[in-house]
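The values are calculated or read from the model by the stated rules, or taken from the named source; none is laboratory data. None of these values were measured; they are calculated from a predicted model. Using ideal geometry, Cβ is built from the backbone for each residue, glycine included, and neighbour counts are taken over all protein chains shown. Accessible surface is based on the protein model in full, side chains and every heavy atom, while ligands, DNA and RNA are left aside. Shrake-Rupley method; radii C 1.70, N 1.55, O 1.52, S 1.80 Å.
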There are 2 protein chains.
Amino acid sequence: MEEPIRNLLKEGTFDVNGSLWLESGGKRFFGPGPVELLERIAETGSIKQAAKAMGMSYKKAWDLINNLNSMGVRPFVVTSTGGEKGGGSSISEEARQMIAYHRQLRERFRQFLEQESSHLK
Amino acid sequence: MEEPIRNLLKEGTFDVNGSLWLESGGKRFFGPGPVELLERIAETGSIKQAAKAMGMSYKKAWDLINNLNSMGVRPFVVTSTGGEKGGGSSISEEARQMIAYHRQLRERFRQFLEQESSHLK
DNA sequence: CATCGTTATATATTGAAAAACATAGCGCTA
DNA sequence: TAGCGCTATGTTTTTCAATATATAACGATG
């Protein structure tokens, strides 16, 4: 017995949408923001440039990474200071696995949302 | 081929969590907040008391309701001013259907999250 | 017709999160 | 040993949403 929810709403397009993240002890540490940041660090080799590319302050990026690293057995972002380029950062194999996992998770969520949205079409 | 994501993370409990809402044109108008508000209005017969019970300001409650009503073919909350009790509010049959729909949606989402969380146990 | 509790609405205040800014340290290079 | 660009960290400023506050209108009632 399906409820015709759609009939209660005005003409127009409606969707079920949402957001998803990983948390520990109620504290979220892994979602779309950190994922994109990891990807950009991989691209640019620098937290500073990755943050800039996302329009995020360096401090926020650093805090995100620091927090993320604190949840892993091994760090997801490895940094170095000094040197010819002044230092830089790269992501670990573990980070790549997290990104891959998140991609799959997000895809499953997308399907869930699409399925739910189809109920209101 | 399952990724053993769990092994990348420290000892402790981890969960996939998220939130869900209905939106139209990118604007969200129906989620956990409005649902609870509707339920409390049904209980108390008053927006003011419902908001208070949720620790929400009257203005926010009113804005939420006003916005919600604007999405419906018929209003979800019907209000009256003046009279012996000074006025009051009640929810429509349509609102009850929205609540029922949301309950089911939330349950399906809960199962999705539980299933996803089980991957990290 | 004054009182009551509520809806309806506008404006002021507050508080928390983000951004912006500042500064020190690092290690290679010239 | 000075300079470069980045990491690391603390402090100040800004922004923006939520709350608080204020006021009018409403309609039954005594």
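Hey, what angle do you get for helix A:58-71 against the long axis of chain A, alpha-carbon based, 0 to 90 degrees rounded to 10?
80
If eta is 0.692 mPa s and T is 37 °C, what Stokes-Einstein diffusion coefficient results for the protein assembly as shown, Kirkwood Rh from Cα pairs, in µm²/s? Spell out each step's value before the answer.
On the way: Rh = 20.8 Å.
The estimated diffusion coefficient comes to 158 µm²/s.
Grab the other residues whose beta carbon is less than 15 angstrom from that of B:Lys52, score K and R as +1, D and E as -1, and report the net. Present the calculation step by step, with values, prior to reporting the outcome.
On the way: positive: B:Arg40, B:Lys48, B:Lys59, B:Lys60; negative: B:Glu36, B:Glu39, B:Glu43.
For residues surrounding B:Lys52, the net value is +1.
What is the distance in Å between the Cα centres of region A:79-111 and region B:69-121?
39
Give me the accessible area per residue for the protein assembly as shown, probe 1.4 Å, as a whole number in Å².
Working: 13990 Å² over 242 residues.
Ligands and nucleic acids excluded, the result is 58 Å² per residue.
Fully extended, how many nm does the chain gain between A:Thr81 and A:Asn67 (0.36 nm per residue separation, minus their Cα-Cα distance)?
My answer for the length gained is 3.1 nm.
Return one quarter of the surface area of the convex hull spanned by the alpha-carbon atoms of chain A, equal to its mean projected area, in nm².
10.6
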